[in-house]
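Asker: Structure provided below as structure tokens; questions to follow.
The values are calculated or read from the model by the stated rules, or taken from the named source; none is laboratory data. Just so it is clear, the model here is predicted, and its values are computed rather than measured. Every residue, glycine as well, gets a Cβ built from its backbone with ideal geometry; the counts of neighbours run over all protein chains shown. Note: areas computed on protein heavy atoms with side chains; ligands, DNA, RNA excluded. Shrake-Rupley method; radii C 1.70, N 1.55, O 1.52, S 1.80 Å.
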Amino acid sequence: MLDKEASREVRSKIRAILMAEWDPIGVNDVPEAADEYDSYIGGLYELLVQRASEEKICAYQRHIEIDRMEMVNSSREPLLPDSNRNRAAASLNNLDRYFR
């Protein structure tokens, strides 16, 4: 279990990764939108605590895009390329050093 300070640091890093690498609605260059994905940080944090695979993290992000944001095409496929999700999942998985 992480102490409060370490937990805050990890959550801050998750936020930065979501904005820089995932960003399904394209707001990473809007300072006022820095908190846009904060409601998803808790779920990702829990996946990291559980040492989830990159595939599981990608699936969670895809679920958010489809079911919560409805960022889909007419076939209900996510608009965001898989590469964004994969890149973000890899960066998130690199935070595992906090949970060893």
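Asker: Need the failing condition index for residue 6 against (1) touching a residue at least 40 places away in the same chain (Cβ under 8 Å); (2) small (Gly, Ala, Ser); (3) buried (at least 16 other Cβ atoms within 10 Å of the Cβ), just the number.
Answerer: Here residue 6 meets the rest and fails (3).
Asker: Okay, next question. Please list, ordered by first then second residue, the pairs with beta carbon atoms under 9 Å, 6 or more apart or interchain, first in the range 65-79 and over 7 Å from residue 24 (Cβ atoms), second surrounded by 14 or more Cβ atoms within 10 Å (Cβ to Cβ) and hydroxyl-bearing (Ser, Thr, Tyr).
Answerer: That search, which allows pairs on different chains as well, returns 68/40.
Asker: Got a number for residues in the range 29-56 being in a loop (DSSP other than H, G, I, E, B) and either farther than 18 Å from residue 86 by Cβ or over 9 Å from the mean Cα position of the chain (by Cα) (or both)?
Answerer: Total satisfying the criteria: 9.
Asker: Within the range 78-100, which residues are more than 11 Å from the chain's Cα centre (by Cα) and either open to solvent by 70 Å² or more (accessible area, probe 1.4 Å) or closer than 15 Å to residue 23 by Cα (or both)? Step through it out loud before you land on a result.
Answerer: Residues of the range 78-100 that are more than 11 Å from the chain's Cα centre (by Cα), as a first pass: 78-83, 94-100.
Within the range 78-100, 78, 79, 80, 81, 82, 83, 94, 97, 100 qualify.
Asker: Which one is most open to solvent (accessible area, probe 1.4 Å), of the residues in the range 57-77 that are of a type in the set (Gly, Ala, Ser) and not in a helix (DSSP H, G or I)?
Answerer: Across the range 57-77, the extreme among qualifying residues is 74.
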